[in-house]
Amino acid sequence: MKTNIKKIYTCFPGGKHKALTMSYDDGKHEDRRLVELFNKYGIKGTFNVNSGLEGDPVRIPQAEYRELYQGHEVACHTVSHPTIGRCPLTGVAQEIIEDRKRLEEIMGYPVRGLAYPNGSFSKDICDMLPALGIRYGRVVGDSDGFSIPDNFLQWKATCHHNHNLMELGQQFVGLEKRQYLYLMYVWGHSYEFTNNDNWNVMEDFCRLAGGRDDIWYATNIQIVDYMDVVKMAQFAADGSFVYNPCVQSLWLCIDDEQFVEVKGGTQVSL
């Protein structure tokens, strides 16, 4: 007996097959200019800051965080920026929890992401993070690829902005095969643009990659949360319907032609 099996693909929100996210560390004054660029081109960023370094004259005062980073994400970078792979786990836990508590007080929402300070981490630290309320941890280095990570607690970006940014950006915007989900992730420190006198690099990239109809612009935590929605989806064995138990919508492509939004708490025939 011939069986007609539907081809069901997960999409990013809006039925898109590409997503772009940015991650910048340390909360120094250059973040103001970077946020302005992101806002101009409709790009979303995650900003990883150290709550215990308030008063450092090169860093943005915490009183500015809520307004400056509105529409973006503030995430942990530990209280004091130690090389945590060399620290006792109890100290690492305190660095992260206290950073979360202070940043949540400032921002008014749960802070659930982390960029490892100095790129330092260990398996034991990664294993501990879920108990501390951390959903992802960004490592340093460049993957040169556009894949969604298998382990968000060891999330390696596509590239640092000084590593083949425009070449990779051109590849990314040119990706058209909709049978894949593509994610481009750029990281760095905003003060590097001033130190290297190359703000034009980010301006050129934002002009290239921003404002496009086929790209979902998201913060780090938005990507993690959406992939959780994907995992929670409950499909009928024959693919005839799906139930979405989450609050956020799920987006699907059926047989390469029909895009379906499955709103939170609803069941939809496919």
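The values are calculated or read from the model by the stated rules, or taken from the named source; none is laboratory data. Quantities reported herein were computed from a predicted structural model and do not represent experimental measurements. Note that we place each Cβ from the backbone using ideal geometry, even for glycine, and neighbour counts take in every protein chain shown. Quick note on the areas: whole protein, heavy atoms, side chains included, nothing else; ligands and nucleic acids left out. Shrake-Rupley method; radii C 1.70, N 1.55, O 1.52, S 1.80 Å.
What the table shows:
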quantity: Over the chain: helical MRE at 222 nm, DSSP H runs n ≥ 4 each giving -39500 (n - 2.57), nearest 500; calculated: -8500 deg cm²/dmol
quantity: Coarse-grained scattering of segment 1-48 at q = 0.14, 0.29, 0.30 Å⁻¹, given as base-10 log I(q)/I(0) from a Debye sum over alpha-carbon atoms; calculated: -0.53, -1.09, -1.12
quantity: Protein-only accessible surface order, largest first, of 226, 109 at 1.4 Å; calculated: 109, 226
quantity: Residue 268 accessible area, assembled protein chains, probe 1.4 Å, Å²; calculated: 40 Å²
quantity: Net length gained if the chain between residue 258 and residue 197 were fully extended (0.36 nm per residue, minus Cα distance); calculated: 17.3 nm
quantity: Residue 247-residue 63 pseudo-label distance in nm [points 7 Å out on the Cα-to-Cβ vector]; calculated: 3.2 nm
quantity: Size of charge dipole - segment 119-169 - debye, nearest 20, with Cβ of Lys, Arg +1 and Asp, Glu -1, no other charges; calculated: 180 debye
quantity: Hits among lysines - C-alpha to C-alpha of residue 231 under 25 Å, sequence gap 8 or more where chains match; calculated: 6, 7, 16, 18, 44, 123, 156, 177, 263
quantity: Antiparallel bridges, percent of DSSP beta bridges restricted to segment 1-108 (to nearest 5); calculated: 20 percent
quantity: Degrees separating the helix 89-107 axis from the principal Cα axis of the chain, which is the longest one; calculated: 80 degrees
quantity: Whole-percent pair-distance distribution, where bins are 5 Å wide, for the alpha carbons of segment 16-78; calculated: 4, 17, 31, 24, 13, 6, 3, 1, 0
quantity: Rounded tilt (10° steps) of 199-209 against the dominant C-alpha axis of the chain; calculated: 10 degrees
quantity: Average accessible area per residue (Å²) across segment 1-122 - probe 1.4 Å, nucleic acids and ligands excluded; calculated: 46 Å²
quantity: Electrostatic dipole magnitude of the chain [Cβ: Lys, Arg +1; Asp, Glu -1; Cα centre; debye, to 20]; calculated: 640 debye
quantity: Nearest-ten-degree value, helix 220-232 long axis tilted from longest Cα axis of the chain; calculated: 30 degrees
quantity: Surface share of carbon and sulfur [accessible, 1.4 angstrom probe, percent] for segment 137-256; calculated: 47 percent
quantity: Among 249, 132, 74 - extreme Cα towards positive end, dipole of the chain, charges at beta-carbon; calculated: 249
quantity: Antiparallel DSSP beta bridges within the chain, percent to nearest 5; calculated: 40 percent
quantity: Charge dipole (debye, nearest 20) of segment 158-270; +1 at Cβ of Lys and Arg, -1 at Cβ of Asp and Glu; calculated: 240 debye
quantity: For segment 130-198 and segment 225-268, distance of Cα centres in Å; calculated: 27 Å
quantity: Residue (of 65, 162, 9) at the positive-pole extreme of the chain, dipole from beta-carbon charges; calculated: 9
